[in-house]
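All remarks here apply to the structure that follows.
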Amino acid sequence: MPILDWLLYQHCPEYSVNSAWADLGRIPRPPKTLSDKIRTALDLNPCDILFIHRDAERESLDARIREINDSVQGLDIPPVICVIPVRMQEAWLLFDRSAIRRAAGNPNGTTILDLPRWRDVEGLSDPKAYLFDLIRKASELKGARLKKLNVHKCAFLVSQSIADFSPLRSVRAFRALEDNMRTVLAYGGYIAPSA
């Protein structure tokens, strides 16, 4: 959510953004198909623009876009923006050492954190494990205290701790997201169309 909020603000600073994440795992019988997930999300959170997130994982970016487009066919929904990180969304959090240290509860830590080069980030086989390892290392905790560290919560906090996501513009999948967002915003009259 912080990445999407940041992007919206970059393109529409004059609008206020009231974003909501449809946490479908918390409802009694979560929907199974993507189409059903979309319908349920919209029932719970009506919106002007719908962001649909699908990690690419082993699929191509184009295959995930087709999957989303096929799933929204025939649905009465607002404009859709596809959010498709290559592999997993955690790859988009592997650029800010300070944010990782803050999220790990050790903002003044000194342990060296080896972040991947940007040209390699989309090729990481397991960005989530990579981020979790960085969080553990950044915490500088040992033994039982390290075992108690909630790396899932810390990973969420990494995105909350980043103020500027512009380095992501060097990642192909992020550029595709931003291009898709510009098109949808222009079509909806939120911004002027690009020349």
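The values are calculated or read from the model by the stated rules, or taken from the named source; none is laboratory data. In this text the structure is predicted, and so the values were computed from the model without any measurement. Quick reminder, even Gly has a Cβ in these numbers, built from the backbone with ideal geometry, and neighbours come from all protein chains shown.
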Review point. Somewhere in the range 58-71, is a residue touching a residue at least 12 places away in the same chain (Cβ under 8 Å), assigned by TED's automatic domain parsing to the domain that holds Cys154, over 19 Å from Ala176 (Cα atoms) and small (Gly, Ala, Ser)?
Key: no
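Please note which helices (runs of 4 or more DSSP H) are completely contained in the range 52-158 and include at least 3 residues that are exposed (fewer than 13 other Cβ atoms within 10 Å of the Cβ).
Numbers: elements: 61-72, 97-103, 118-121, 127-139, 143-148.
Answer list for the range 52-158: 61-72, 143-148.
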Study note, to complete from the structure: Taking first residues from the range 168-195 that are touching a residue at least 12 places away in the same chain (Cβ under 8 Å) and closer than 17 Å to Ile68 by Cβ and second residues anywhere that are in a loop (DSSP other than H, G, I, E, B) and among the charged types (D, E, K, R), the pairs with Cβ under 8 Å that are 6 or more apart or on different chains are Ala173/Glu122
Exercise for review: Evaluate the range 87-102: report whether one residue or more is touching a residue at least 24 places away in the same chain (Cβ under 8 Å) and farther than 29 Å from Lys153 by Cβ.
Suggested key: no
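If I go through the range 20-50 residue by residue, how many of them are in a helix (DSSP H, G or I), farther than 15 Å from Glu67 by Cβ, hydrophobic (A, V, I, L, M, F, W, C) and under 18 Å from the mean Cα position of the chain (by Cα)? Talk me through it step by step, then tell me what you get.
Initially, the range 20-50 is screened for residues in a helix (DSSP H, G or I), giving 24-26, 34-44.
If we keep only those that are farther than 15 Å from Glu67 by Cβ too, we end up with 24-26, 39-44.
Filter once more, keeping what is hydrophobic (A, V, I, L, M, F, W, C): 24, 41-42, 44.
Add one more test, that the residue is under 18 Å from the mean Cα position of the chain (by Cα), and what stays is 24, 41.
Count: 2.
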Exercise for review: Select from the range 126-162 the residues that are more than 12 Å from Leu94 (Cβ to Cβ) and touching a residue at least 60 places away in the same chain (Cβ under 8 Å) and write down the one among them that is nearest to the chain's Cα centre (by Cα).
Suggested key: Gln160
Revision key, fill the gap. Going through the range 92-138 in order, the residues found to be of a type in the set (Gly, Ala, Ser) and at pLDDT 90 or above are Ser98, Ala99, Ala103, Ala104, Gly105, Gly109, Ala129, Ala138
